[in-house]
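Asker: One structure coming up, written as structure tokens, with questions to follow.
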Amino acid sequence: MTTRTPGNEGSARRLPGRRRLGRAFTLGLVLATAVMTTGTAATAASPGPHAPDFGPNVTIFDPSMPVSEIAATLDAAHTAQVDNEMGTTRHAYLFKPGTYGTAENPLQIKVGYYTEIAGLGASPTDVVINGKVEVYNRCLENGGTSNCLALVNFWRTLSNLSININAAGQDGCRSSANFWAVSQAVSMRRLNISGGTLSLMDYCTAGPQYASGGFIADSKLPSVTNGSQQQWLTRNTEVAGWSNGVWNQVFSGVVGAPDEAAFPNPPYTTLDTTPVSREKPYLFVDAQGRYNVRVPAAQKNTRGVTWANGMTPGRTLPISDFFVAKPSDSVRVINSQLARGKHLLLTPGVYDIARSIEVDRPDTVVLGIGHATLTAVNGSTPLDVADVPGAVIAGVTIDAGLQKSPVLLRVGRSHGRDDHGRGDDHGRRPGSNNPTTLSDVYFRVGGPHVGKADTALEVNSDNVLIDHTWVWRADHGVEGFTDTQRWNTNIGRYGAVINGDHVTATGLFVEHFQRYNTVWNGDDGTTILYQNELPYDPPTQADWMNGSVEGYAGYKVGNRVKTHKLYGAGVYVFNQNNPAIHTENGFEVPATPGVKLHHIMTVNLSAGIIDHVVNGVGDPADTTKIGVPVYITDYPAP
């Protein structure tokens, strides 16, 4: 095994064509089904007398169970899921309050695709794992070690527990940190990690060891090695230290965050407080063994964790207030339960959605566990949220289907759009103190199958909070056609279209759409960390034209917007089908003093050209500086 010392990864860059790697996992999919079924049945603890039927894809552990049994179940799950990038297996592994593992016999967990690991305590300190919870690089070139990286380590969740890092039994390099080498659609929330170092890259596996972004919130962390991570958002957290950073590292409301004064070397963007936040709802078991969902309250101008002085502020809902859905339940049944006033808990699996799930009541909670996935059928809009305050959508993945959907998730009613996606009647104005919130909501157009959608995410209501999303038109998958065919087969025009006023996004990742990846038409919007790759696959320049303008910006603020703030943002180009293609600007915004961009950049991944960073300002990101960002500290310049 080759050991690489952390601390020298700042020059690492994204591997061109980084995700054309997930095409042939049919055998892995078969193995996944077999192992998950037998492993879960063998060791699942009794959920208790107060637990609902969470279905076969939720495993609940009890601290009285032998560590060897828990480890065997989780090892089998990892074996099944480590290469199952485009599969359909989903699972949640939940830990009742207590301690798991000892100094001599630690519990060491590896997490694969579509896997959620979560504690069932009211506080993260109620569930303690003496050991590790890790993600390593995948080695993707004929099973060898010449292409080991984390660039496609997507779709996994870790939350609501403590990790006392214990590497007993691991080799010298593996014992040096708890490794969490991931990229998009991976969240860490409500964690209390101590006893060692957290590394966001896997420097123990053979190179190139690239990693491409993630999200941490509401956590207490030891010293963190960022390493080769190209972009990352850490929000409302405490850190003992932070080292390294490649292109775009953002901290919002973080105690112990590094200073941004030397930007871009290192490339840190630091906000002292987070202007609007609401933590993700979480399951917990109370002292009587009853299952509940805690729904955190929205907060303004916050810093640090929500659980330092007791339970996270908010409200507790008994599980009896939820309709616990399974993939076999019809939308008619789900909507009937919602209309009766029930909240919705989506258990792990893939749900075929031929008509919209309708969230029409204020303060409704839709909580997915184990990466529950809604797939559009017959061109449906799988999830439609009315103009109501306080609705919370969390832990849900939404996939486009074979027939084109107008929208995959719509928040607020709209009666039309112009060519930039603007609604001509953008919703009512729910209260600013109780925003509708999207937490860990992910989108896919293509990947596991052909996908078609005009727009993935459309927000028409005012006062909405988007707290971590990945909106992805797939650049690779198992759809059965070549990269050159994808442009006319996987149809995704717009990624995120924001028409409402006073919308805040913390962690907005949007990639590969065929027009504007993000278009922001609402006034008084704020984005804290934006990451974008332009589409890889336009066949010709003629296919990538916005009228007479070459290409579409990765982030567009509408011409009528008067105020907008963007903190820490990057737009990347890799025109693999035609390296001669130009994009005029990475960002396009109205030239008005109220629109302010802070710490933005473009970068070339080895093909194509972005001529300017923003509005004709900034040098080109071309092939003379592959992997070298073009930064602008502030636009307009002070």
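The values are calculated or read from the model by the stated rules, or taken from the named source; none is laboratory data. Everything numeric in this text was worked out from a predicted model, so none of it was measured. For neighbour counting, all protein chains shown are included, and Cβ atoms are generated from backbone atoms with ideal geometry for every residue, glycine included.
Asker: Can you tell me which residue is nearest to ARG444 (Cα to Cα) among those in region 60-101 that are under 21 Å from the mean Cα position of the chain (by Cα) and polar (S, T, N, Q)?
Answerer: Within region 60-101, the match that is nearest to ARG444 (Cα to Cα) is THR88.
Asker: So, one more: From the list GLY119, GLY98, GLY112, GLY131, pick out the single residue that is under 25 Å from ALA474 (Cβ atoms) and either small (Gly, Ala, Ser) or without any contact (Cβ under 8 Å) to a residue 24 or more places away in the chain (or both).
Answerer: Criteria check complete, one pass: GLY112.
Asker: VAL285 fails exactly one of the following numbered conditions: (1) in contact (Cβ under 8 Å) with a residue 60 or more places away in the chain; (2) over 30 Å from TYR572 (Cβ atoms); (3) surrounded by fewer than 23 Cβ atoms within 10 Å (Cβ to Cβ). What is the number of that condition?
Answerer: Single failed check for VAL285: (3).
Asker: Could you list, in sequence order, all residues of region 629-638 that are without any contact (Cβ under 8 Å) to a residue 60 or more places away in the chain and either surrounded by fewer than 16 Cβ atoms within 10 Å (Cβ to Cβ) or touching a helix residue (DSSP H, G or I) at 6+ places or on another chain (Cβ under 9 Å) (or both)?
Answerer: Scanning region 629-638 gives ASP634, PRO636, ALA637, PRO638.
Asker: What are the residues in region 403-419 that are part of a loop (DSSP other than H, G, I, E, B) and at pLDDT 95 or above, if any?
Answerer: Listed by number, the residues that qualify are GLN403, LYS404, GLY412.
Asker: Does region 613-628 contain any residue that is under 26 Å from the mean Cα position of the chain (by Cα) and not β-branched (Val, Ile, Thr)?
Answerer: Yes, there is a match, as at least one residue in region 613-628 is under 26 Å from the mean Cα position of the chain (by Cα) and not β-branched (Val, Ile, Thr).
Asker: Next question, about the same structure. I'm checking my understanding of the structure. Among residues of region 311-333 that are more than 28 Å from ILE117 (Cβ to Cβ) and of a type outside the set (A, V, I, L, M), which one is surrounded by the fewest Cβ atoms within 10 Å (Cβ to Cβ)?
Answerer: Out of the qualifying residues, it is ARG332.
Asker: Still on this structure, please answer the following. Can you find, within region 334-352, the residue that is surrounded by the most Cβ atoms within 10 Å (Cβ to Cβ) among those that are of a type in the set (A, V, I, L, M, F, W, C) and under 15 Å from VAL385 (Cα atoms)?
Answerer: Among residues in region 334-352 that are of a type in the set (A, V, I, L, M, F, W, C) and under 15 Å from VAL385 (Cα atoms), the one surrounded by the most Cβ atoms within 10 Å (Cβ to Cβ) is LEU344.
Asker: Among the strands (runs of 3 or more DSSP E) confined wholly to region 109-218, which include 1 or more residues that are surrounded by 20 or more Cβ atoms within 10 Å (Cβ to Cβ) and acidic (Asp, Glu)?
Answerer: Fully inside region 109-218 and qualifying: 115-119, 127-134.
Asker: Go through (1) over 30 Å from ASN244 (Cα atoms); (2) in a loop (DSSP other than H, G, I, E, B); (3) touching a Leu at 6+ places or on another chain (Cβ under 9 Å) one by one and return the number of the condition ALA287 breaks.
Answerer: (3)
Asker: Within the group ASP360, ASP384, which residue is surrounded by fewer than 24 Cβ atoms within 10 Å (Cβ to Cβ), under 23 Å from the mean Cα position of the chain (by Cα) and at pLDDT 95 or above?
Answerer: Only one candidate qualifies: ASP384.
Asker: Sticking with this one: Are any of the residues in region 321-333 farther than 14 Å from PRO52 by Cα, part of a loop (DSSP other than H, G, I, E, B) and charged (D, E, K, R)?
Answerer: Yes: one or more hits.
Asker: Right, here's the next one. Which residues, taken from region 247-284, are in a loop (DSSP other than H, G, I, E, B) and either under 30 Å from ILE60 (Cβ atoms) or small (Gly, Ala, Ser) (or both)?
Answerer: GLY253, GLY256, ALA257, ALA261, ALA262, ARG278, GLU279, LYS280, PRO281
Asker: Out of all the residues in region 596-625, which are out of contact with any Pro (no Cβ under 8 Å at 6 or more places or on another chain) and in a strand (DSSP E or B)?
Answerer: If the condition is that a residue be out of contact with any Pro (no Cβ under 8 Å at 6 or more places or on another chain) and in a strand (DSSP E or B), then LEU597, HIS598, ILE600, ASN604, VAL613, VAL614, VAL617 are the ones that fit.
Asker: Then there's this: Considering only residues of region 383-402 that are outside any strand (DSSP E or B) and not small (Gly, Ala, Ser), which is farthest from THR436 (Cα to Cα)?
Answerer: Ranking the candidates gives LEU402 first.
Asker: Looking for something touching a Gly at 6+ places or on another chain (Cβ under 6 Å), in contact (Cβ under 8 Å) with a residue 40 or more places away in the chain and β-branched (Val, Ile, Thr) - is there at least one such residue anywhere in region 519-527?
Answerer: Yes: one or more hits.
Asker: Of all residues being of a type in the set (S, T, N, Q) and either within 18 Å of the chain's Cα centre (by Cα) or buried (at least 20 other Cβ atoms within 10 Å of the Cβ) (or both) in region 467-498, which is modelled with the lowest pLDDT? Just the residue, please.
Answerer: ASN490
Asker: Name the residue, out of GLY570, GLY547, that is among the small types (Gly, Ala, Ser) and either under 23 Å from PRO593 (Cβ atoms) or buried (at least 23 other Cβ atoms within 10 Å of the Cβ) (or both).
Answerer: GLY570
Asker: Additional query: Just for region 230-277: of the residues that are of a type in the set (D, E, K, R) and surrounded by fewer than 24 Cβ atoms within 10 Å (Cβ to Cβ), which one is nearest to LEU605 (Cα to Cα)?
Answerer: Across region 230-277, the extreme among qualifying residues is GLU260.
Asker: So, one more: Have a look at THR99, THR40 and point out the one that is polar (S, T, N, Q), in contact with a strand residue (DSSP E or B) (Cβ under 7 Å, 6 or more places away or on another chain) and at pLDDT below 95.
Answerer: Matching residue, one of THR99, THR40: THR40.
Asker: Taking GLY131 as meeting all but one of (1) over 20 Å from the mean Cα position of the chain (by Cα); (2) modelled with pLDDT under 95, write down the number of the exception.
Answerer: (2)
Asker: While we're looking at this one, here's another question. Just need a number here: residues in region 112-139 that are out of contact with any Leu (no Cβ under 7 Å at 6 or more places or on another chain), of a type in the set (Val, Ile, Thr) and within 23 Å of ARG90 (Cβ to Cβ).
Answerer: 2
Asker: Separate question: For region 499-588, list the strands (runs of 3 or more DSSP E) that sit wholly inside it and hold at least 1 residues that are within 20 Å of the chain's Cα centre (by Cα) and at pLDDT below 95; which are they?
Answerer: none
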